[in-house]
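Just so you know, all these numbers are worked out from the coordinates, no wet-lab data involved. Computed from a predicted model, the values in this text were never measured in an experiment. For neighbour counting, all protein chains shown are included, and Cβ atoms are generated from backbone atoms with ideal geometry for every residue, glycine included.
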Amino acid sequence: MTLPEAAGLALAFVARLITGAQGHWKGSPPKAEQRIYFANHQSHFDWVLIWCALPRDLRSATRPIAARDYWTSGAFKHWLTREVFNAVYVSRTRSEDEDPLEPLVHALKNGDSLVIFPEGTRSNKGEPQPFKSGLYHLAEQFPNVPLIPAWIDNVQRVMPKGEVVPVPILCSVTFGAPMRLDAAEDKRVFLERARDAVIALGAPG
Amino acid sequence: MGALRELSVTQQVGLLFVIVFGVLLLASLIAFARSLRELTPEQKERHERFVRDLRAVWIGAVLFWLAWASGAFVATLLFALISFLALREFITLMHTRRGDHRALLAAFFVVLPLQYLIVGTRHFDLFTVMIPVYAFIALPILGALGNDPTRFLERTAKIQWGTMVCVYGMSHAPALLLLDFKGYEGRGAFLVLYLVVIVACAQIVQEAASRRLRRRPVARAISRSFSWRSWFIGAVAAGVVSLLMSWATPFKPGQALAIGFVASGCGTLGDLVMKALKRDAGVRHWGGRASVTGAVGLLDRVAPICFAAPVFFHSVRWYFGV
């Protein structure tokens with residue numbers, strides 16, 4: 001076992017001890033196929049939770065998106081995202097000649113699964129904010145990759161914005177039924193539908 | 001029972017584990033035989049519940065056997081872990097706010113380890129007052145520093161109550177290891193097992209009795225199954241089991257009966273309190289099945305011990321003057 005693998009297992013153990021990190025698969029069993037997971041975003045912990053809720057064999061092929069300027073700034077942060085999580089780096093500053101989705105498209109062409117948070121930023125109002133259009137563009141370019149909505153519950157209580165140490169509180173990740181972009185579906189309609197799918201998973205019951 | 005008293009500690013406890021595992025094996029065999037028969041949906045549900053409870057008892061028994069085999073240190077550590085998981089579940093059920101973050105951190109990462117450290121190092125006097133005195137002053141202070149007056153009393157009470165039940169109550173179980181009876185040295189670990197067994201007995205018998213008797217529930221809005229008669233039957237059954245186990249304890253038969261009755265009676269009443277708490281938190285069906293938050297009902301299983309252990313510990317200590 002290599003050091004990053006061991007670090008990954010240790011991290012998963014700690015996350016389980018603190019949050020339980022239970023995955024509830026409703027409508028889509030965990031499966032070794034290429035997928036795009038999209039979820040609500042409330043805390044830095046969100047990615048770790050989804051990652052822990054996945055079966056261990058699927059973890060290495062499922063990659064998060066990390067902001068290049070932040071996650072490559074320190075040696076440890078860079079190592080963690082590169083070696084342990086195998087993150088896809090994107091730059092937040094948009095330059096003229098470059099498509100910001102380029103690294104994501106590259107990863108998907110490689111056959112990897114992605115986890116994206118289409119709100120673009122962390123919200124703590126309960127209801128997710130309107131989705132950014134990245135999800136739509138990916139769905140358009142990769143019509144055969146199923147899109148799996150996911151709802152992360154309770155995580156804002158574990159680590160509110162601005163705090164460093166997490167409080168042990170049970171969290172769960174609910175994965176919903178896969179959806180696809182319909183032929184000739186409007187961008188706004190699709191993004192609204194995707195957001196509703198995520199919110200529906202969070203509704204009690 | 002005189003011959004049994006003559007045996008050495010290890011032999012007695014070994015014998016007890018043989019009995020416990022024998023009974024469990026028998027129960028598992030019966031459950032297996034039943035599963036081969038055709039069952040109506042109602043019977044099937046009851047059967048599944050029984051199998052689930054039985055599995056929990058198996059896990060508990062194996063854990064205690066491991067703890068016994070590896071000594072007081074591991075037993076204390078085991079209870080600390082259970083305490084942590086129970087408190088985690090308790091806090092998940094409660095509505096805390098951002099301002100509670102520091103107080104919660106203190107409860108989980110300072111109070112809890114400290115309490116078990118004190119148990120482990122046998123600082124007996126400090127152990128009884130650490131949480132009711134020091135922690136209960138420190139936690140509201142941290143809460144107030146969180147700068148959020150909304151429902152302050154309610155939030156503070158929740159954290160304190162959770163600490164009291166899940167940490168303070170639970171820590172009395174490994175603290176039994178501290179008790180030094182005359183001529184009974186080195187058997188503390190056994191008393192822990194003894195307590196757990198009688199409390200579990202009371203709970204199982206009470207459940208069975210309430211299903212048979214169908215009495216009018218005392219507190220219908222909280223528990224549909226709790227009635228005084230079934231409670232009494234459960235506690236008496238625990239007293240009888242305690243009596244049957246008395247040859248391995250420092251108690252005389254009469255004392256064993258009384259202590260078993262009192263401790264397990266408190267335990268099952270504690271279970272009722274926990275039910276009320278869950279109703280308040282809006283959780284209806286719990287045991288065994290994972291809820292939305294992913295909690296698996298550990299709190300349900302350990303709550304009776306959290307209530308029974310302090311009563312058992314202090315009544316024994318007061319009565320025997322140890």
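Based on Cα coordinates alone, diagonalise the gyration tensor for region A:3-116, multiply each eigenvalue by 5, take square roots, and list the semi-axes in whole Å, largest first. Walk me through the numbers before you get to the answer.
Numbers: eigenvalues 110, 65, 34 Å².
Semi-axes (√(5λ), whole Å): 23, 18, 13.
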What helices does chain B hold that run 20 Å or longer along their axis, going by alpha-carbon atoms, with a Kyte-Doolittle average of -1.0 or more, using DSSP H for the helix calls?
-> B:9-35, B:41-70, B:72-93, B:188-213, B:228-244, B:253-281, B:298-320
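Helix-only mean residue ellipticity at 222 nm, chain A, DSSP H runs n ≥ 4 weighted -39,500 (n - 2.57), per residue, nearest 500. What is it? List each step's numbers first, then the result.
Details: 9 runs with 74 residues, N = 205.
Taken over chain A, the calculation gives -10000 deg cm²/dmol.
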Net charge near B:ARG151, counting Lys/Arg +1 and Asp/Glu -1 over other residues with Cβ under 12 Å of its Cβ?
-> 0
Say we join alpha carbon atoms closer than 10 Å with springs in a Gaussian network model of chain B; which of B:VAL205, B:VAL62, B:VAL197 then has the biggest fluctuation?
-> B:VAL62
If you project the alpha carbons of chain A onto their three principal axes, what span does each projection cover, largest first, in Å?
-> 45, 45, 33
May I ask you to order A:142-150, B:149-157, B:33-41, A:156-164 by the average number of other C-beta atoms within 10 Å around their residues, highest value first?
-> A:142-150, A:156-164, B:149-157, B:33-41
Output field shielding_mean for B:32-42 (other chain Cβ, 10 Å radius) holds 0
What's the local net charge at A:LYS109, with K and R +1, D and E -1, over the other residues with C-beta under 14 Å away?
-> -2
Taking each residue of A:149-162 in turn, how many C-beta atoms of other protein chains fall within 10 Å of its C-beta, and what is the average?
-> 2
Determine, for B:ASP300, A:ASP99, A:ASP112, the number of other Cβ atoms within 10 Å of each Cβ, and report the residues in order from fewest to most.
-> A:ASP99, A:ASP112, B:ASP300
Taking the Cβ of each residue in A:GLU102, A:GLU83 as the centre, tally the other Cβ atoms inside 10 Å and list the residues starting with the fewest.
-> A:GLU102, A:GLU83
Taking amide H positions as placed 1.01 Å from N in the peptide plane, with prolines and chain starts having none, which residues 5 or more places from A:ILE65, or on another chain, fall under 5 Å of its amide H?
-> A:VAL88, A:VAL115
Could you work out the mean count of beta carbons from other protein chains within 10 Å of each residue's beta carbon in B:245-257?
-> 0
Read phi for every residue in region B:167-173 and hand back ³J(HN,Hα) as whole Hz from Karplus 6.51 cos²θ - 1.76 cosθ + 1.60, θ = phi - 60°, with x for Gly and Pro.
-> 9, 5, x, 5, 5, 6, 5
List, largest first, the extents of the alpha carbons of the protein assembly as shown along their principal axes, each in whole Å.
-> 91, 58, 48
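Once you order the gyration tensor axes a ≥ b ≥ c over the Cα atoms, which shape class does region B:1-70 get: rounded for a/c under 1.5, otherwise prolate or oblate by comparing a/b with b/c?
prolate
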Arrange B:LEU298, A:LEU3 by Cβ neighbour counts within 10 Å, fewest through most, would you?
-> A:LEU3, B:LEU298
Given only helices, namely DSSP H runs of n ≥ 4 each adding -39500 (n - 2.57), what is the per-residue ellipticity at 222 nm of chain B, to the nearest 500 deg cm²/dmol?
-> -23500 deg cm²/dmol
